[in-house]
1. Residues of region 36-89 being farther than 21 Å from residue 133 by Cα, within 13 Å of the ligand (Cβ to nearest atom) and among the hydroxyl-bearing types (Ser, Thr, Tyr), which ones?
2. Give me the residue from region 8-31 that is touching a Gly at 6+ places or on another chain (Cβ under 7 Å) and either among the charged types (D, E, K, R) or within 10 Å of the ligand (Cβ to nearest atom) (or both) and, out of that set, nearest to residue 64 (Cα to Cα).
3. Does region 111-126 hold any residues that are in contact (Cβ under 8 Å) with a residue 60 or more places away in the chain, more than 9 Å from the ligand (Cβ to nearest atom) and assigned to a helix (DSSP H, G or I), and which are they?
4. Out of all the residues in region 128-144, which are under 20 Å from residue 111 (Cα atoms) and either free of Cβ contacts under 8 Å to residues at least 60 places away in the same chain or not in a helix (DSSP H, G or I) (or both)?
5. Here is a check on your reading of the model: is residue 97 closer than 30 Å to residue 200 by Cβ, in a helix (DSSP H, G or I) and within 12 Å of the ligand (Cβ to nearest atom)?
Amino acid sequence: DRQPIIAIDGPAGAGKSTVARQVAAELGLVYLDTGAMYRAITWLVIQKGIALDDECAIAELAHTCKIELTPSQDLKSPVRVWIDDVDVTQEIRTVEVTSKVSAIAAQTAVRQALVNQQQNWGKKGGLVAEGRDIGSHVFPDAEVKIFLTASVSERARRRQQDFKKQGQPEVSLEQLERDIAERDWKDSTRKVSPLQKAADAVELQTDGMNISEVAAQIINYYHQKL
Ligand code: C5P
C-alpha cells in the first residue's frame, strides 16, 4: 500500500516547480523535481567534456553517477542537488545547461537510468513529482495528474522575473520566447516519452493566475479525488 502521488507535467516555464513545491508543503508530501536530475547529468557531461551526441559515454555516465536531491523545507530556498557528491544546485540553472538538457534528456539510456531511480524513490508514494513524463510514464497510476500550461509569452515573462530575482544577467523577452519554444519543440517531438498530456490528466491553463491560485486548484482537486 503506497501513499498518494500527484504528477505535474507541462512545458518549460509553466510554473511547475513553484506550484509543485507549494502543493507538497501544504499537503505534507515530498517534492520531486525530475528536471533537476536531467540537468545534473547535463552539467556532468559538459564538465567531463563529453560530446552531446556521444550516447555510449553518456549512457555509461547515467548508469554510474550518483544523484541526490535534498528537498529544502523553506519554500524560498532552492532544492539542493548533488551529482557525484558535487553540489550543483546553482550550476544546473545556467543558460548553458538549459540549452543542452533537451538533447541529453532525449537519450533512451539516460531516461531509463533516471526513470528507474524516480520509480524507486516513489515506491512508497507520498510525493508530488514534476516533469514531462510523470503522469504518462513514470507514475502512470498516480492518483492526481495535472498538465500545467501557459502561453509562450506568459512563460517567457515568468522566466524573466525568475532571472531578475536570482540576480542573473537580463535576457530579452524575444530571446526567452525563442528558447522556450525551441525546448517545447524538442521535448514534445523526441522519440522516447515525449512531453504529452496523459489521457487522464487534468489540464490547467494558468495565464493570468498566480501561484497560490494554481496550487489551490490542485489541492482542491486532490481532496476531491482522495
Ligand atoms: O523542468 P526543467 O525545465 O528543469 O527540465 C529540464 C529539461 O529536462 C526539460 O526541458 C526536458 O528536456 C528534461 N526533462 C524530461 N523529463 C522530465 C523532466 C525534465 O525530459 N520528467
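1. 89
2. The residue in question is 9.
3. Scanning region 111-126 gives 117, 121.
4. Residues satisfying the conditions are 128, 129, 130, 131, 132, 133, 137, 139, 140, 141, 142.
5. No, not satisfied.
One line per residue, one yes/no per condition, for (1) within 14 Å of the ligand (Cβ to nearest atom); (2) surrounded by 18 or more Cβ atoms within 10 Å (Cβ to Cβ):
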| residue | (1), (2) |
| --- | --- |
| 151 | no, no |
| 156 | yes, yes |
| 164 | no, no |
| 167 | no, no |
| 172 | no, no |
| 181 | yes, no |
| 185 | yes, no |
| 191 | yes, no |
| 195 | yes, yes |
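Only the coordinates and a few stated rules stand behind these numbers; no lab work does. If you're wondering where the values come from, they're calculated on a predicted model, not measured in any experiment. Methodologically, a virtual Cβ is constructed for each residue, glycine included, from the backbone with ideal geometry; neighbour enumeration extends over all protein chains shown.
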